[in-house]
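Input: a single structure, listed below in structure tokens.
The values are calculated or read from the model by the stated rules, or taken from the named source; none is laboratory data. Not measured: the values here are computed from a predicted model. Virtual Cβ from ideal backbone geometry, glycine too; neighbours counted across all protein chains shown. SASA here: full protein model, heavy atoms, side chains in, ligands and nucleic acids out. Shrake-Rupley method; radii C 1.70, N 1.55, O 1.52, S 1.80 Å.
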Amino acid sequence: MRTTARPTAALTLTVAAALALSACGEGGGDTAEAASSSEAETVSFSWDRNLAAEDEDPVFEETTVEVPKNPRKIVAFDLASLDTIGALGGEVTGAPLDSVPDYLEKYLADDAFNAGTLFEADLVEIESQQPDLIVIGGRSSALYEDLSEIAPTVDLSLRGSYTENLERNATFLGEVLGAEDEAAAAVSEIEAGIEEARAATADAGTGLGVMVSGGELSAMAPAADGDTGRGARGGLIYDAFGVQPVVDDIAAATHGEPVSFEFLLETDPDYLWVVDRDAATGEAGAQAAAAVLDNDIVAQTTAARQDHIVYLDPTAWYIVFGGLDTTQIMIDDVLQIAG
């Protein structure tokens, strides 16, 4: 690779039309033209921004930002937004280039600059590039204060359910890019794909999502109310794609700790849904998830005996976690069981 909280923030998509001014007498036409060109169209985006420090109880304030339509230069720290911007026909001028996966590089401008990392912005470089819009989310949300001093900055972090968030962000970015019809069509296609995947999992019996890292296993649980980020990401196989958890309360059953191979045999799900975290993060020398699960205990499980261990695209499910192209990858992953 180039390589809580109030759930759903209010989003208003209001396009402010350029004012058409007219003047009487000689020179009035020139005045109207100048006024019209100076009043650029914008899209309004609102969300509840957490003002508290990381280790403090959240304190929310509604934040509204006016974003210019058809921005010339977009900086995207949120990889899901980079995905959606590109899928809707736009391109991104600046991004944390070392974290952009191969399948999204096509959405970068030919002269795209490195804006920093997912956690730290190169403020000097970004300011020198004079972007018209900066998009943050998830890992990069803490960058808002610094980045908003450079250009209009919006936080497209997960709020509400995965599908709600996808539709909201795609609709907003479609407005920004002047691609409203394309956004609506893309969202409809994704929603149909998710429903197809849910139909496949409805007949698949029980399942368990497993994260493999450093040779250890962690059982993924459905997201709790208000979960964002890691909690929501881990629960996606259940929450968005309808997999029936093998036990009623996975979080309680595992106490939030890594689980053993014996746990897989004891719970014995019909399907194992596996994310190889080390492959996603590029951990050097790490043992592949398939090798970790290749042992006598796992071989006794129903999932192994029936060839029902499904390996999910680690970059899509762990790193990007959103965006139009990425969600289609997720849909295709789930639909492997329908073949």
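Consider T281 carefully, then state whether it is among the hydroxyl-bearing types (S, T, Y) and in contact with a Leu (Cβ under 8 Å, 6 or more places away or on another chain).
So T281 does not fit the description; no.
Exactly one condition in (1) touching an Asp or Glu at 6+ places or on another chain (Cβ under 8 Å); (2) under 26 Å from L158 (Cα atoms) is false for A289; which is it?
(2)
Looking at V100, V15, V67, V59, which is the one that is open to solvent by less than 60 Å² (accessible area, probe 1.4 Å), modelled with pLDDT under 95 and among the aliphatic types (A, V, I, L, M)?
None of the other options fit; the residue is V15.
Residue by residue through region 233-254, note down the ones that are farther than 11 Å from M220 by Cα, open to solvent by 50 Å² or more (accessible area, probe 1.4 Å), outside any helix (DSSP H, G or I) and modelled with pLDDT under 95.
The answer is D248, and nothing else.
Considering only residues that are in a helix (DSSP H, G or I), open to solvent by less than 20 Å² (accessible area, probe 1.4 Å) and not aliphatic (A, V, I, L, M), which ones fall in region 118-161?
Once the filter is applied, which keeps residues that are in a helix (DSSP H, G or I), open to solvent by less than 20 Å² (accessible area, probe 1.4 Å) and not aliphatic (A, V, I, L, M), region 118-161 yields only S140.
So, L82, is that one crowded, with 16+ Cβ neighbours inside 10 Å, over 24 Å from A142 (Cα atoms) and at pLDDT 95 or above or not?
no
Would region 219-230 turn up any residue that is over 27 Å from A251 (Cβ atoms) and outside any helix (DSSP H, G or I)?
No, region 219-230 contains no residue that is over 27 Å from A251 (Cβ atoms) and outside any helix (DSSP H, G or I).
Out of T93, T84, report the one residue that is of a type in the set (V, I, T) and touching a strand residue (DSSP E or B) at 6+ places or on another chain (Cβ under 7 Å).
The conditions single out T93.
Quick test of your reading of the structure: R72 fulfils all but one of (1) of a type in the set (K, R); (2) modelled with pLDDT of 95 or more; (3) assigned to a strand (DSSP E or B). Name the failing condition by number.
The failed condition is (3).
So which residues in region 313-337 are over 14 Å from the mean Cα position of the chain (by Cα) and open to solvent by less than 10 Å² (accessible area, probe 1.4 Å)?
I331, V334
Would you mind stating whether D325 is part of a loop (DSSP other than H, G, I, E, B) and at pLDDT 95 or above?
For D325, the condition - part of a loop (DSSP other than H, G, I, E, B) and at pLDDT 95 or above - is not met.
Give the number of residues within region 255-292 that are surrounded by fewer than 21 Cβ atoms within 10 Å (Cβ to Cβ) and of a type in the set (F, W, Y).
So the count comes out to 2.
Give region 293-307 a look and list any residue that's out of contact with any helix residue (DSSP H, G or I) (no Cβ under 7 Å at 6 or more places or on another chain) and either open to solvent by 50 Å² or more (accessible area, probe 1.4 Å) or assigned to a loop (DSSP other than H, G, I, E, B) (or both), or say none.
L293, D294, D296, A299, R305, Q306, D307
Please go through region 82-96 and pick out each residue that is within 15 Å of D132 (Cβ to Cβ) and in a loop (DSSP other than H, G, I, E, B).
Result: G90, E91.
Find all pairs meeting these conditions: Cβ atoms under 9 angstrom apart; at least six residues apart or on different chains; first residue within region 273-301 and farther than 25 Å from M330 by Cα; second residue open to solvent by 20 Å² or more (accessible area, probe 1.4 Å) and outside any helix (DSSP H, G or I).
I297/S260; Q300/D268
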